[in-house]
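Presented below is the structure to which this report refers.
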Amino acid sequence: MKTSTTKLSLQTFFVFLFSVLSINAQKAPVDYVNPWVDSANSRWFFFNSASRPFGMVNLSPDNGVNADWGAGYRYNSDSIKCFSHIHGWQLSGVPVMPTVGDFNGHLGSNVYGSKFSHSNEIVKAGYHKVVLDAYAIKAELTSTTRVGFHKYTFPKSDKSHILFDFATFLGPSDTQKGFVKKVSNTEIEGYAIMAPTIRRPKTLTVFFVAQFDKPFDAFKGWSKGKLEDVDGQIEGEKIGAYVSFKTQAGEVRKMKVAISYVSEEQARINLKSELSHWDFEKCVIDSRTDWNNWLSRIQVEGGTEIEKGRFYTDLWHALQGRRIISDVNGKYSDMTGAERQIRQIPLDANGKPKFTHHNFDAMWGAQWSLNTLWHLVYPEVTESFINSMLLMYNDGGLIPRGPAGGNYTFVMTGASSTPFIVSAYLKGIRGYDINKAYEGLRKNHFPGGLMSKAGYEHNTFKGGGIEYYLERGYVPHPMSNIRYGFHQDGSTQTLEYAYQDYTLAQMAKDLGKSSDYELFMKRAENYKNIWNPEIGWMWNRTLDGKWAEPVDILRYDNGWEEGNAAQYTWFVPHDMQGLINLVGGKEAFTQKLNSSFEKAQKHDFVSGKSHDKETLEEFRRVYINYGNQPCMQTAFLFNFSGAPWLTQYWTRQVIEKVYSGISPEYGYSGDEDQGLMGSLSVLLKTGIFSTNGGTTPKPFYEISSPIFNKITFKLNPKYYKGKQFVIEAKNNSNKNVYIQSAQLNGQPHEKPWLWHETLVNGGKLLLNMGANPNKNWGSAEKDSPQSMSSK
């Protein structure tokens, strides 16, 4: 037995060595990923290393605790408090730490934490290595989807330990209670109850099973800062447990930690299913292969090594954050009701779950990122997420806009899931109950649905102002003296609802629901009710129907959700022609928008280069902000106004100033909400976008200026019959940013857009680039993209 294990390890080593040599010979997409990008400004769930796509486990060091912003991995920190297994939006759990010497884990992470140096650290997609200076321990981390895999190389010590701290405050939530039980001298199990947060209103129980490759000598624990004698288990508030053993110099100890939101037994099933061996290097290779398969669906050629590095890092971000919360066999925890329920995802003919259940921050703003990227490149992900939302509709009665651990959170505002699902439906992604989807979406657009709730409004249905919207055609601001929830900003809500109504109308029409179609199309015009012709911008209307005073279009919030009136004036994704008409025609529209970009260029199109700057009032008084979602579409709007060369110019400027480089100090310039900004960056660099989120009856993509010479989209044959679509940019450079002419599948192409159907049928778009704008290409009235008011 020992001989075969040795042979397996040697075989794995040579596979690993060959892999390394191959990497040096030719880089694969996964080798370009740099997890350190913008990690100095990490939010709790921002940083990823030892994880898989959408992994339940995201195992990485925590340099900071007891915060949402400022916790998790922070590049400029010099110490590691612990390694924890879950870094999700409103999710956390199972912090561990290897130590040597007299045990001091009961004194807290500020005491048992360790200094470290980036010079002794390696971070890759699916792998993290770091040396804990305080203990001379080399820690290596990798994972499967639901199991964290640890490899610790210890110094010689009679007092080596691995601790599990359930007294610590991780990310957004405290640990309310813990339980740890010794199963054998190579296994422990237990759970941690994460306390409620202002966003996640109910507790979250994380169950775990930890197995060790070598026996430990002792199992001990502590409670409320004091060591305690334990008889095989410990339970309560502010508790922890640790295993102790002796080590020789250079001795390797391995540990596997599986998690579940259902039970310890389910965690054990996850472990047995996903990681039945102890070959750490094999797991690292498997993770690398997994990531590379996902990232290779978009191949880029040309550009610098840094540009490729940033591109694949951005794409990597697009596949993170929105975590799987169901187990390998489809069991999941439903927290939508008064009591926790354990439920089962339907199984296919092979006994496998038909989809996975997901946790995610809001789909707010996703119409400009995930709608295009996922639906095109990862349609099976889109389908899984839609089924996950419908699962919550079955369980709790509402399609969510951002669930956390089986909880509704009511994050942000509006029915932001509507454009996501409608866009998928219109693109032919339909592996779910379509009638149920429409039923649930429609419910959200009326009182009692999501349009009734402002952000994190858990107990009432008033902050959304839907009744005012239905009666008056707008949501007043201020709506009342009572703040029922966060983001109770009537003008933004009005614009969101009008757009979302338009999208639902298109699904209604396709399903033959003509009266619904007419109803929602009429509501889709409500954006006009907050257009103030006297000032030439969208503006707040008060309860008495008057325009709010004083007028300050750069004032942040105050009716505008994480933005201002100057930014939100352009938020009419479904009817750019209608907005153009309000502004005074295409020339006036182009001048007004171009002026906004010229002003924004002075501050690099963002509200400061990091979130801590973004929160300062002086940085918020800006016309365009590409560090947050509200105006991600603005650079593409020139395509609608007959000036596509300005789209080509400004998208390149935004890329250069906001989404370039691989520095730990900056990279997303604000709030990278679980891959939304990374997804946007990918789209900008490939030169395709969808202002309306793919929600017109026949979806299409607008064209801009790609930064690479050639981009190949490899299409999923289960959804799209074309094998691949290629965008080639001839004579492309950082100076040759303007499209001179184009050919689509060998034929002249004069429009600054193309049909989704054309793209997914496969083919090639050839763009001939130059240093000066060709103001004739794509600028004719007949070539403008369609919108609701187009003739």
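The values are calculated or read from the model by the stated rules, or taken from the named source; none is laboratory data. A quick note: this is a predicted structure, and the numbers were derived from the prediction, not measured. When we count neighbours, we look across all protein chains shown, and the Cβ atoms used for this are built from the backbone with ideal geometry, even at glycine.
Annotation note: Cβ proximity below 7 Å between a residue of the range 461-480 that is free of Cβ contacts under 8 Å to residues at least 24 places away in the same chain and a residue that is among the small types (Gly, Ala, Ser) and part of a loop (DSSP other than H, G, I, E, B) (sequence gap 6+ or interchain) occurs for Phe461/Gly448; Val475/Gly465. Annotation note: of Trp316, Trp374, the sole residue that is at pLDDT 95 or above, crowded, with 23+ Cβ neighbours inside 10 Å, within 28 Å of Glu439 (Cα to Cα) and of a type in the set (A, V, I, L, M, F, W, C) is Trp374. Counting only helices (runs of 4 or more DSSP H) that sit wholly inside the range 413-497, those with at least 2 residues that are surrounded by fewer than 20 Cβ atoms within 10 Å (Cβ to Cβ) and acidic (Asp, Glu) are 466-472. Of everything listed in (1) buried (at least 18 other Cβ atoms within 10 Å of the Cβ); (2) touching a residue at least 24 places away in the same chain (Cβ under 8 Å); (3) in contact with a Ser or Thr (Cβ under 8 Å, 6 or more places away or on another chain), the single unmet condition for Glu189 is (3). Residues that are more than 22 Å from Val33 (Cα to Cα), touching a Phe, Trp or Tyr at 6+ places or on another chain (Cβ under 8 Å) and β-branched (Val, Ile, Thr) within the range 689-726 comprise Thr691, Thr695, Ile703, Val726, listed in sequence order. Does Gly464 satisfy the criteria of being at pLDDT 95 or above and on the phi > 0 side of the Ramachandran plot? In short, no.
Are any residues in the range 723-767 among the aromatic types (Phe, Trp, Tyr) and within 28 Å of the chain's Cα centre (by Cα), and if so, which ones? Lay out the reasoning, then the answer.
Initial filter on the range 723-767 (among the aromatic types (Phe, Trp, Tyr)): 725, 738, 753, 755.
Residues satisfying the conditions are Phe725, Trp753, Trp755.
Selection over the range 740-785 of residues that are more than 14 Å from Phe700 (Cβ to Cβ) and hydroxyl-bearing (Ser, Thr, Tyr) gives a count of 2.
For the subset of the range 55-87 comprising residues that are surrounded by fewer than 24 Cβ atoms within 10 Å (Cβ to Cβ) and under 16 Å from the mean Cα position of the chain (by Cα), which member is farthest from His161 (Cα to Cα)? Ranking the qualifying residues of the range 55-87, first place goes to Trp69. Filtering Lys723, Lys735, Lys782 for residues that are surrounded by fewer than 16 Cβ atoms within 10 Å (Cβ to Cβ) and either acidic (Asp, Glu) or more than 26 Å from Lys308 (Cβ to Cβ) (or both) leaves a single hit, Lys782. Of note, Val328 satisfies the criterion of being part of a loop (DSSP other than H, G, I, E, B), at pLDDT 95 or above and among the aliphatic types (A, V, I, L, M).
Table: residues versus (1) surrounded by fewer than 16 Cβ atoms within 10 Å (Cβ to Cβ); (2) touching a helix residue (DSSP H, G or I) at 6+ places or on another chain (Cβ under 6 Å); (3) assigned to a loop (DSSP other than H, G, I, E, B); (4) at pLDDT below 95.
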| position | (1), (2), (3), (4) |
| --- | --- |
| Leu519 | no, no, no, no |
| Glu525 | no, no, no, no |
| Glu549 | yes, no, yes, no |
| Leu579 | no, no, no, no |
| Ala588 | yes, no, no, no |
| Asp604 | no, yes, yes, yes |
| Ser607 | no, yes, yes, yes |
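Checking the condition within 29 Å of Phe219 (Cβ to Cβ), surrounded by fewer than 24 Cβ atoms within 10 Å (Cβ to Cβ) and not assigned by TED's automatic domain parsing to the domain that holds Gln211, which residue from Lys246, Lys254, Lys308, Lys331 passes? Checking each option against the conditions leaves just Lys331.
For every residue, the table says whether it meets (1) of a type in the set (A, V, I, L, M); (2) in contact with a Leu (Cβ under 9 Å, 6 or more places away or on another chain); (3) crowded, with 24+ Cβ neighbours inside 10 Å.
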| residue | (1), (2), (3) |
| --- | --- |
| Phe640 | no, yes, yes |
| Ser660 | no, no, no |
| Gly667 | no, no, yes |
| Gly675 | no, yes, yes |
| Ser679 | no, yes, yes |
| Glu702 | no, yes, yes |
| Ser705 | no, yes, yes |
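For Gly171, the criteria (1) in contact with a strand residue (DSSP E or B) (Cβ under 8 Å, 6 or more places away or on another chain); (2) at pLDDT 95 or above hold in every case but one, which is (2).
From the list Phe169, Phe149, Phe164, which residue is out of contact with any Phe, Trp or Tyr (no Cβ under 9 Å at 6 or more places or on another chain), more than 25 Å from Gly309 (Cβ to Cβ) and either buried (at least 21 other Cβ atoms within 10 Å of the Cβ) or touching a residue at least 60 places away in the same chain (Cβ under 8 Å) (or both)? Give the steps one after another, and end with the answer.
Numbers: Phe149 fails: out of contact with any Phe, Trp or Tyr (no Cβ under 9 Å at 6 or more places or on another chain); Phe164 fails: out of contact with any Phe, Trp or Tyr (no Cβ under 9 Å at 6 or more places or on another chain).
Selected residue: Phe169, the only one of Phe169, Phe149, Phe164 that is out of contact with any Phe, Trp or Tyr (no Cβ under 9 Å at 6 or more places or on another chain), more than 25 Å from Gly309 (Cβ to Cβ) and either buried (at least 21 other Cβ atoms within 10 Å of the Cβ) or touching a residue at least 60 places away in the same chain (Cβ under 8 Å) (or both).
Residue count for the range 738-765 satisfying the condition of being crowded, with 16+ Cβ neighbours inside 10 Å and touching an Asp or Glu at 6+ places or on another chain (Cβ under 8 Å): 5.
Kindly establish whether Phe46 is farther than 17 Å from Met194 by Cα, modelled with pLDDT of 95 or more and either surrounded by fewer than 21 Cβ atoms within 10 Å (Cβ to Cβ) or not small (Gly, Ala, Ser) (or both).
Working: farther than 17 Å from Met194 by Cα: yes; modelled with pLDDT of 95 or more: no; either surrounded by fewer than 21 Cβ atoms within 10 Å (Cβ to Cβ) or not small (Gly, Ala, Ser) (or both): yes.
Answer is no for this residue.
The one condition from (1) within 23 Å of Tyr312 (Cα to Cα); (2) at pLDDT 95 or above that Asn387 does not meet is (1). The single residue among Gly642, Gly559 that is assigned by TED's automatic domain parsing to the domain that holds His487, outside any helix (DSSP H, G or I) and closer than 29 Å to Asn734 by Cα turns out to be Gly642. Checking the range 708-722 against the condition returns no match, with no residue being of a type outside the set (Ser, Thr, Tyr), assigned to a loop (DSSP other than H, G, I, E, B), without any contact (Cβ under 8 Å) to a residue 60 or more places away in the chain and over 28 Å from Leu315 (Cα atoms). Screening Glu307, Glu265 for residues that are without any contact (Cβ under 8 Å) to a residue 60 or more places away in the chain and farther than 14 Å from Ser143 by Cα leaves exactly one candidate, Glu265. Restricting attention to the range 32-86, the residues being under 17 Å from Tyr312 (Cβ atoms), of a type in the set (Ser, Thr, Tyr) and either assigned to a loop (DSSP other than H, G, I, E, B) or without any contact (Cβ under 8 Å) to a residue 40 or more places away in the chain (or both) number 1.
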